[in-house]
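Everything on this sheet refers to the single structure shown next.
Where a number appears in this text, it was derived from the coordinates with a stated rule and is not lab data. Values in this document were obtained by computation on a predicted structure and should not be read as measured data. Cβ placement follows ideal geometry from the backbone for every residue including glycine, while neighbour counts extend to all protein chains displayed.
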Amino acid sequence: MEVNKEKSAFIIVDVQNDFCSGGALEVKNGEEVVPDINVLLQRDLFGKVIFTADWHPVNHVSFASTHHRKTLEVIETRNGLQTLWPDHCIENTEGAAFHPFLGVEKGDLIIRKGRGKNLDSYSAFFENDRKTSTGLGGYLKELGITDLYFSGLAFDWCVFFSAMDAVGSGFNAIVVEDLTRAVNFPEGFQAEKREELVKAGVSIIQSEEL
Ligand code: VGL
Ligand code: ZN
């Protein structure tokens, strides 16, 4: 697959300690994506490189503890339904830091999301009220970028929502599947989300095709 460098961006979603082994919201083997993401970064295939980070205040609306509820319960909030998670990616903590080996120095832009106490954000483009923009779409459009390659954590949450919003915003979205890992809870969720991506027009490729 030919990458048109000037028109392409590589988006690395939430490769943070809390989503890696031993982290607060561990994605199984999440850290395995790091070496191959670094190899791609080293090859300098993309015009722009963007890292995203989940970055929450204490007592965030997405934390089960905030509501004295159980993890993975779903509650109604003024911004819609909210799945509840363990406390994770609290701003300025070690858990919110990027994986120590991730090639963050290759990044042009870092987007922090989910910073509002009452509003969560899975997508790199729109927060979970589905209206509040992070500004990423405008940044990419101003630069004439049309093709977005996605990697990172988790395939079935933040990568999924980011790629869906990318096609919804008129970009070509390509998920580099082997550079992602999934929560896959409940079992089968990952396959379901993969199918939704394909139906929406997202391409799914492997890094060896690049
Ligand atoms: C994520 C759940 C809660 C993710 C972030 O990065 O996939 N998942 N916050
Ligand atoms: Zn989060």
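Numbers for the structure displayed
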read-out	value
Net charge of neighbours whose Cβ lies under 15 Å from the Cβ of S62, counting Lys and Arg as +1 and Asp and Glu as -1	-3
Choice from V159, V33, V74 with maximal GNM fluctuation in the chain (Cα, 10 Å cutoff)	V74
Computed helical MRE - 222 nm, the chain, DSSP H runs ≥ 4 contributing -39500 (n - 2.57), nearest 500	-5500 deg cm²/dmol
Fluctuation leader among K48, K28, K70 - the chain, Gaussian network, Cα springs under 10 angstrom	K70
Most fluctuating residue given options Q16, Q190, Q42, as computed from a GNM of the chain linking Cα atoms under 10 Å	Q42
Burial ordering of E209, E2, fewest other beta-carbon atoms within 10 Å first	E2, E209
Spin-label pair D178/N38, simplified geometry with 7 Å Cα→Cβ offset, distance in nm	1.8
For segment 69-210, with +1 on Lys and Arg beta carbons and -1 on Asp and Glu, the positive-most of F161, A96, I75 along the dipole	I75
Contour excess over end-to-end distance, with Cα ends at N4 and I205 and 0.36 nm allotted per residue	70.8 nm
The chain: projected area of the alpha-carbon convex hull, averaged over directions, in nm²	10.7
Other-chain or far-sequence residues with amide H under 5 Å of R181's (modelled H)	G152, F155
Over segment 76-125: Rg over Rh, Cα atoms, Kirkwood Rh	1.02
Cα-based convex hull, segment 1-117, per residue volume (Å³, whole number)	132
Antiparallel %, DSSP beta bridges [both residues in the chain], to 5	20
Label point 7 Å beyond Cα of F189 along Cβ direction - residues of segment 90-133 with amide nitrogen under 18 Å	120-124, 128
Reciprocal mean inverse distance between Cα atoms of segment 50-160 - Kirkwood radius, Å	15.0
Pairwise label distance in nanometres, K28 with E76, each label 7 Å out on the Cα-Cβ vector	3.5
Enclosed volume per residue, in Å³, of the convex hull spanned by Cα atoms of segment 90-210	135
Share of alpha-carbon pairs per 10 Å distance bin for segment 132-192, given as whole %	22, 49, 24, 5, 0
Amide H partners (placed H, <5 Å) of T134, local residues excluded	F126, E127
